[in-house]
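One structure below.
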Amino acid sequence: MIRFISLDMDGTLVNSRFVDLVWMEGMPRMYAERQGLGFEEAKEYVVSEYMKIGSDRLEWYDMQYWLDRFGLKASKGELLSAYEDHVEPYPEVQEALELLSERFELVVTSNAAREFIDIELEGFHDYFRETFSATSDFREVKKSPLLYGAVCRALDARPFEVLHIGDHYDYDYESPLQAGLDALFLDRAGKRSGSEVVGDLREAVELICGCA
């Protein structure tokens with residue numbers, strides 16, 4: 001019997017606009033100002049430095065690492081707050097959380113660093129019992145089966161009591177299944193089909209509890 005619904009963050013609850021602006025506009029713009037460069041030249045350099053690290057290393061997700069690497073004096077909070085007005089939840093999120101929270105305990109399980117989760121959940125914190133960041137809380141760069149096992153232990157739940165919903169096929173669908181959880185793949189682009197594929201969170205609510 002499902003007791004907990006775990007939800008991914010980016011691509012599931014909110015779109016990527018806020019995150020993209022922080023990394024692809026905010027960081028390059030500050031570097032441009034520091035070095036006296038044009039924005040496009042600075043962005044090309046900053047992105048090339050991102051690529052040298054790659055997403056398989058924790059530094060990729062560590063904002064302080066990049067501020068230090070580029071010699072920038074701004075704080076993480078200053079950079080994040082410059083774009084926090086651009087957080088965009090998907091239109092069905094509020095209704096879906098209200099319906100799901102009537103029957104289940106809700107948690108967030110995201111690859112995003114905690115400082116991003118805290119801002120992106122603004123207005124939704126009360127729906128969630130816990131929030132888990134793979135990178136900040138578990139020092140994991142991907143949501144592996146081991147990470148989902150750790151989440152279950154933190155919740156004092158058996159794997160079959162947790163259902164995870166997210167938009168990355170490997171890390172939000174295959175990984176939780178391998179850990180013994182149930183899972184739904186959220187495919188907003190409509191590229192996949194199947195009994196455990198949903199197009200948005202309204203469809204997920206209908207599939208889980210028939211209450212939408």
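Where a number appears in this text, it was derived from the coordinates with a stated rule and is not lab data. The structure presented is a predicted model; accordingly, all values stated were derived computationally and were not measured. Cβ sites come from the backbone with ideal geometry, for glycine too, and all protein chains shown count toward neighbours.
Quick notes on this structure:
- Within the shell defined by Cβ-Cβ distances under 9 Å, the residues around residue 199 carry a net charge of -1, with Lys and Arg each +1 and Asp and Glu each -1.
- Alpha carbon Rg of the range 17-85, scaled by the compact-globule rule 2.2 N^0.38 Å: 1.02
- The range 26-146 - Rg and Dmax from Cα coordinates, angstrom: 17.0, 55
- For the range 78-164, the calculated P(r) over all alpha carbon pairs, in 5 Å bins from 0 to the bin holding the longest distance, is 3, 12, 22, 21, 21, 14, 5, 1, 0 percent.
- Springs join every pair of Cα atoms under 10 Å in this Gaussian network model of the chain, and among 156, 62, 182 the largest mean-square fluctuation is at 156.
- Selected from 119, 165, 53 as most flexible by GNM, with the chain as the system and alpha-carbon contacts under 10 Å: 53
- Spacing of the modelled spin labels on residue 35 and residue 140, each 7 Å from Cα toward Cβ, amounts to 3.5 nm.
- Among the lysines of the chain, pairs that are 8 or more positions apart or on different chains and have alpha carbons within less than 25 Å of each other number 11.
- Between 0 and 90°, nearest 10: helix 145-155 axis offset from the chain longest Cα axis: 70
- Each peptide among 23-29, 190-196 gets the average number of other Cβ atoms lying within 10 Å of its residues, and from highest to lowest they stand as 23-29, 190-196.
- Among residues other than residue 154 with Cβ under 11 Å from its Cβ, the summed charge is -1 (Lys and Arg +1, Asp and Glu -1).
- Value in Å of the Kirkwood radius, where the chain supplies the Cα pairs that are averaged: 18.0
- Computed over the chain with a Gaussian network model linking Cα atoms closer than 10 Å, the most mobile of 22, 47, 107 is 47.
- Multiplying the residue separation of residue 188 and residue 69 by 0.36 nm and removing their Cα-Cα distance gives an extension gain of 39.3 nm.
- In Hz, Karplus ³J(HN,Hα) per residue of the range 37-47 (6.51, -1.76, 1.60; θ = phi - 60°; x = Gly, Pro): 9, x, 4, 5, 5, 5, 4, 4, 5, 4, 5
- For the chain, the mean residue ellipticity at 222 nm estimated from helices alone is -11000 deg cm²/dmol, where every DSSP H run of n ≥ 4 contributes -39500 (n - 2.57) and the total is divided by all residues, rounded to the nearest 500.
- Ranked by how many other beta carbons lie within 10 Å on average, peptides 36-45, 199-208 from highest: 199-208, 36-45
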